[in-house]
Amino acid sequence: MSRAGSEYRVSFPHMGNYTVPIVTLASMLDCEIMPPPKMTRRTLELGARYSPEFVCIPFKYNLGNYIEALDQGANLLFQAGGGCRFGYYGEVQEAILQDLGYEFEMVLLAGGFGVLEHYNKFKSRNPRLNMVRAIRHYRLAFRQTRALDRIEDFARRNAGFEVEEGAFDSAFDRFVGELAETRSIADVERVEAAYTEELRSIPVERPEGLLRVGIVGELYVLMEPFSNFFIERELARRGVEVHRYVNVSNMVDHGGRNKNRHLREIIGIADPYLRYHIGADGTESVATTNRLRQEGFDGVLHLKPFGCMPEVNAMSALQRLSREHTFPVLFISFDSQTSETGLATRLDAFCDMLRMRKRRLGA
Amino acid sequence: MKAYLGVDVGSISTKAVVADGDGQVLARSYLWTEGNPLRAVKRVLSELAEQVDAAHPDARVVAVGATGSARELIGAVLGAQVVKNEITAHAVGTLSRHADVRTIFEIGGQDSKIIIVRDGVPVDYAMNTLCAAGTGSFLSSQARRLDVPVEEFGDYALRSKKPTKIAGRCTVFAESDLVHKAQIGHPVEDIIAGLCNAIVGNYLNNVGKGKEILAPIVFQGGVSKNVGVVKSFEDATGEEVYVDDDGHLMGALGVALVARDEGVESLFDFAVRDVKFETVGEECGGCPNDCEVVLVLRDGEFIDGWGNRCARGMERVRTHLASSVESAVP
């Protein structure tokens with residue numbers, strides 16, 4: 001409590017492109033915001049060196065981000081939490097970083113998206129903050145998130161068929177750059193509209209009988225491309241239309257007062273493969289897979305950190321679904337030992353298999 | 001006659017075939033990789049060239065396919081039309097011989113996989129992750145410990161009446177369990193039969209987990225040559241397990257057939273085995289990611305490279321390499 005807001009230098013772990021809305025939230029603190037350096041292999045090496053060996057991989061990436069941020073001078077770190085081991089990431093990481101001799105404060109936002117609770121934590125670090133301003137930051141951050149998710153979704157489904165290689169990546173990067181400059185909902189709407197139009201005008205050639213594949217599984221490895229070896233881009237490069245339903249917009253829509261209704265809904269879709277919830281987002285993985293099967297998708301990739309309990313629970317239900325409907329599901333685990341070559345082999349084989357199958361079904 | 005070359009360079013062994021347009025094998029070669037895929041490929045090419053010259057002098061290789069863990073490297077060296085993952089290659093090869101197969105077991109030197117086939121199309125597969133317990137290299141390291149040639153493992157196993165139970169979950173623990181069983185007096189036949197059971201148990205519980213295993217079953221890869229493991233598979237599945245004499249060549253045959261179907265032809269010259277190829281590896285150093293970039297050189301000229309995350313990495317390493325070559329020349 002001794003420090004004035006302006007002396008804080010705030011940082012947080014990376015997760016995909018959500019740096020933009022996170023910065024919007026963090027700017028409530030009226031202090032310097034320093035996102036960690038871009039993720040590299042060094043991030044993982046640092047994180048893995050100081051993490052418990054058997055902890056799930058997102059923990060190691062987060063810790064690596066914190067160390068690189070602290071080394072740059074950050075002194076206030078944020079961490080969220082969820083309904084699995086993620087729920088105690090913050091406490092354990094705080095203890096590890098203290099043992100390493102770093103001086104910092106850690107703010108834990110575990111426990112969902114309770115705006116009032118978050119507000120109090122921000123307010124205690126910046127006494128000048130008021131509720132009206134906080135709400136404005138929250139609304140802007142959510143609107144930025146929604147724009148990000150919608151634009152990314154469109155790019156994901158189309159990047160595999162671009163005529164000019166890298167056209168979607170380059171437009172998307174520019175979009176993220178402009179989104180970072182938005183200061184009002186109207187700004188976001190303008191940027192989103194401009195890039196929706198631009199992305200729609202990128203020439204694509206969609207072949208006959210293209211493959212449609214959904215990716216499901218654990219949130220972090222789905223949303224942080226570095227942690228899944230850019231699997232969406234790799235699939236796109238193999239001419240696949242990629243669909244993903246896990247993103248922060250959907251998490252917000254399905255949280256809070258909508259939570260119970262959503263849970264009832266997905267357990268209904270996952271039936272008969274699941275009749276009760278299996279923790280964190282495991283039920284979601286089974287429900288989405290079953291829905292995509294009914295919608296005629298060609299296959300599903302299930303991604304999880306090695307040892308992720310909720311997703312391990314989902315696997316046996318997914319295996320049964322896959323067996324009973326001969327619906328291809330590829331299971332991929334990520335940890336600090338994952339080999340990129342091994343992943344490429346499995347993706348190649350999966351896409352070949354889906355193509356052979358499709359040709360046969362069509363014949 | 002048009003012919004197709006398929007090369008499968010695995011961690012332990014290198015396999016190659018020359019096949020005709022109908023998938024009949026005209027020449028075959030199988031030898032140890034010995035950690036040097038370039039040398040191994042040159043040796044299989046020599047053997048194939050001799051066999052083709054002797055038996056099918058009119059055969060002309062018009063397309064080349066490469067598979068196995070060294071497929072990128074070998075594909076670049078041979079100028080292959082097709083570089084394919086080993087799972088697809090095995091499925092295509094096996095289906096060309098056994099059109100009715102519904103389950104393919106494959107256990108190689110360091111990996112094991114299962115391919116589920118329905119109506120002549122692969123519909124599901126799995127490959128071992130993180131751990132090599134229950135693969136060929138596990139068997140050969142245990143063979144060394146027991147001082148029994150790995151080629152004779154199968155015959156030993158078949159002589160056993162009461163296979164010893166060996167913990168097969170992990171190579172290291174299997175080894176200590178095996179030593180323990182030997183020290184308390186279990187005969188070597190029973191221990192070897194137990195090892196075969198452990199491999200099969202491990203396989204079915206890992207890559208085979210949750211898969212619907214239906215006959216006809218074809219078993220291939222180096223370990224399929226071990227009759228003890230074949231019998232363990234038959235006991236565990238209650239089905240006949242078929243092993244093709246050419247089972248170890250299915251990856252090579254498969255990728256030759258994929259190359260045939262690709263439809264891009266150019267005459268292949270076996271004399272490529274006399275060309276000097278080398279690889280150089282270097283960490284990029286352009287950013288903290290430090291990609292390990294590998295370049296393949298043919299008579300000192302760059303032909304291909306990989307390992308870079310971004311385009312800058314390849315440029316950096318090539319430029320650096322070129323300047324180091326220049327500065328070495330007085």
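The values are calculated or read from the model by the stated rules, or taken from the named source; none is laboratory data. Values in this document were obtained by computation on a predicted structure and should not be read as measured data. Neighbour counts run over all protein chains shown; Cβ positions are idealised from the backbone, glycine included.
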Checked the stretch A:45-66 for anything within 14 Å of chain B (Cβ to nearest Cβ) and surrounded by fewer than 22 Cβ atoms within 10 Å (Cβ to Cβ); matches are A:45, A:46, A:53, A:54
- Message: Please determine whether any residue of the stretch B:128-141 is at pLDDT 85 or above, within 13 Å of chain A (Cβ to nearest Cβ) and in contact with a Ser or Thr (Cβ under 6 Å, 6 or more places away or on another chain).
- Response: no
The residue from B:206, B:202, B:226 that alone is surrounded by 23 or more Cβ atoms within 10 Å (Cβ to Cβ), closer than 30 Å to residue B:66 by Cβ and either at pLDDT 90 or above or within 14 Å of chain A (Cβ to nearest Cβ) (or both) is B:226
Counted residues in the stretch B:94-119 being buried (at least 22 other Cβ atoms within 10 Å of the Cβ) and of a type in the set (D, E, K, R) come to 3
Looking for something assigned to a helix (DSSP H, G or I) and either modelled with pLDDT of 90 or more or within 18 Å of the chain's Cα centre (by Cα) (or both) - is there at least one such residue anywhere in the stretch A:293-303? yes
Checked the stretch A:323-363 for anything at the interface with chain B (Cβ under 7 Å from one of its Cβ atoms) and under 25 Å from the mean Cα position of the chain (by Cα); matches are A:328, A:333, A:337, A:345, A:346, A:348
- Item | Qualifying residue in the stretch B:85-97 (condition: of a type in the set (S, T, N, Q) and under 29 Å from residue B:299 (Cα atoms)) | yes
Flagged in the stretch A:38-74 as out of contact with any strand residue (DSSP E or B) (no Cβ under 7 Å at 6 or more places or on another chain), within 13 Å of residue A:93 (Cβ to Cβ) and aromatic (Phe, Trp, Tyr), in numbering order, are A:50, A:59, A:61
Check your understanding: Based on what the data block shows, is residue B:294 crowded, with 16+ Cβ neighbours inside 10 Å and modelled with pLDDT of 80 or more?
Key -> yes
Among A:152, A:117, A:94, A:68, the single one that is in a helix (DSSP H, G or I) and at pLDDT below 90 is A:117
In the set B:249, B:253, B:257, the lone residue that is within 27 Å of residue B:10 (Cβ to Cβ), in contact (Cβ under 8 Å) with a residue 40 or more places away in the chain and within 14 Å of chain A (Cβ to nearest Cβ) is B:257
